[in-house]
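Since the structure comes first, as structure tokens, the remarks are kept for the end.
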Amino acid sequence: MSLTYFLAEVFGFYLLLIGALFLFKRKEFVEAATEMSKSKAMLLVVGLVATLCGLMVVLSYVGWGAGLIPTLITLLGWAVLLKGLAIIFLPQQVVNAWTRWSHLDKLAYVYAAVTIIVGLFLVLGA
């Protein structure tokens, strides 16, 4: 299995899981995200893990212009890295505002649809 297919499946199944959480555990997911954004310790842990995951993808894989799936994997890797760094280095008030601005409670079904569609595309396209 090539790295492209491996990363497509990892990102794809992860996005399917997140989409399912949005659909079936929306209230709990929103509450957990809201509570997590209030905890400095949780933000640090989540930011460090996201940064590590993003670095692993960014440093091991470059798929710019090699097709839609490789480009999408590269973009997802960079997005995870930048989100992790933002969580670590931005003030907690900004992260809290970011969480409120995302309107997880009101847009949960939109987020679910987008993540499930992208997840299916990655899993089935791999």
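Read the figures in this text as sums done on the coordinates, not as results from a lab. Bear in mind that the values here come from a model prediction, so they are computed numbers and not experimental data. Note that each Cβ is placed from the backbone with ideal geometry, even for glycine, and that neighbours are counted across all protein chains shown.
Just a few scattered comments:
- Net length gained if the chain between TRP101 and GLU28 were fully extended (0.36 nm per residue, minus Cα distance): 24.5 nm
- 222 nm mean residue ellipticity, helices alone, for the chain (DSSP H n ≥ 4; -39,500 (n - 2.57); rounded to 500): -29500 deg cm²/dmol
- Sorting ARG26, ARG100 from the fewest to the most surrounding beta carbons within 10 angstrom yields ARG100, ARG26.
- Calculated FRET value between VAL49 and LEU90, using beta carbons and R₀ = 22 Å, to 0.05: 0.85
- Integer Hz, Karplus 6.51/-1.76/1.60 couplings in order for the stretch 108-122, x for Gly and Pro: 4, 6, 5, 4, 4, 4, 5, 5, 5, 4, 5, x, 5, 4, 5
- Value of relative contact order over the stretch 1-82, rounded to a whole percent, pairs C-alpha under 8 Å and six or more apart: 32 percent
- Whole-Å distance, taken between Cα centres, linking the stretch 1-40 and the stretch 59-82: 18 Å
- Percentage, to the nearest whole number, of Cα pairs in the chain over 16 Å apart: 65 percent
- Counted over all Cα-Cα pairs of the stretch 1-62, pairs farther apart than 15 Å make up 66 percent.
- Placing a pseudo-label 7 Å from each Cα along the Cα-to-Cβ vector at LYS40 and TRP64 gives an inter-label distance of 3.8 nm.
- Using θ = phi - 60° and Karplus 6.51 cos²θ - 1.76 cosθ + 1.60, couplings along the stretch 37-45 (whole Hz; Gly, Pro as x): 5, 8, 9, 4, 5, 5, 4, 5, 4
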